[in-house]
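Following: one structure in structure tokens, then a few remarks.
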Amino acid sequence: MIYKADVSLREKLKPMFKDFESTVVSSCLQGHMGNAWVDDLLQLLK
């Protein structure tokens with residue numbers, strides 16, 4: 001199942017994208033633009 005990541009879940013995604021130098025990815029993870037979706041919610045909640 002696919003889940004829409006709220007702001008608290010986006011914080012947990014940041015380490016996965018730490019080496020990305022994309023303004024689009026950064027803006028999404030900060031909650032300014034777009035939506036983030038995850039497919040393994042239990043893994044993120046650990």
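The values are calculated or read from the model by the stated rules, or taken from the named source; none is laboratory data. Owing to the predicted nature of the structure, the values given are computational and were not obtained by experimental measurement. Here the Cβ is made from the backbone with ideal geometry for all residues, glycine too, and neighbour counts use every protein chain on show.
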### Message
Can you tell me which residue is modelled with the lowest pLDDT among those in segment 13-46 that are part of a helix (DSSP H, G or I) and in contact with a strand residue (DSSP E or B) (Cβ under 8 Å, 6 or more places away or on another chain)?
### Response
44
### Message
Condition first: touching a Phe, Trp or Tyr at 6+ places or on another chain (Cβ under 6 Å) and in contact (Cβ under 8 Å) with a residue 24 or more places away in the chain. Can you find one or more residues in segment 15-38 that meet it?
### Response
yes
### Message
Which of the numbered conditions does residue 8 fail, given that it passes all the others? Conditions: (1) assigned to a strand (DSSP E or B); (2) modelled with pLDDT under 90.
### Response
(1)
